[in-house]
Amino acid sequence: MRVKSMAFVAYPGKDVAKLLAFYRDALGLRVDRAHPSEADAQFVEFDLGNDQWFTLMPEDFAGRPAGSGAGVVFEIDDIDAALASVRAVAKSADEAPTDYGHCRMASFQDPEGNKVQLHQHTGSAHT
């Protein structure tokens, strides 16, 4: 037996519809499915491309409280623009990205306190 791939990353939420709007509007994630609808979402799947998915679900279904998510890192083209976009609606956000030479990283907390990291590849090595 071996792991073939990662099926999805899931974050818990108290108000999944509000989190859907945050990730869609502030980060530009593409909603693939929202059940029962985007306005009343309880479960959301964002299609990140290349068979990668980011999911939001109620905290009782996820089995952990809202704000406890801490493992997603989104690859982006412009970390400065992304930080500017989330600052007004995030719970907290780094003042500036950290430069590691071959990449830049920053983090923020979504409106419910889940930790999200942003990664911008800037050189030939991959982080």
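Throughout, read-outs are computed from the coordinates displayed, never taken from laboratory work. Quick caveat: nothing in here was measured; it's all calculated off a predicted structure. Every residue, glycine among them, receives a Cβ derived from its backbone with ideal geometry; neighbour counts consider all protein chains shown.
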May I ask for the angle, rounded to the nearest 10°, between helix 16-27 and the longest principal axis of the chain, with both axes built from Cα atoms and the value confined to 0 to 90°? 20
All lysines inside 27 Å of Lys91 as judged from Cα atoms, apart from same-chain residues fewer than 8 positions distant: Lys14, Lys18, Lys115
Using alpha-carbon positions, what is the distance between the centroids of the stretch 82-116 and the stretch 14-50, in Å? 19
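Could you rank the peptides 108-116, 5-13 by their average count of other C-beta atoms within 10 Å per residue, with the highest value first? Please list the in-between numbers first.
Details: 108-116: 20.6, 5-13: 16.9.
Going from most to least packed, we get 108-116, 5-13.
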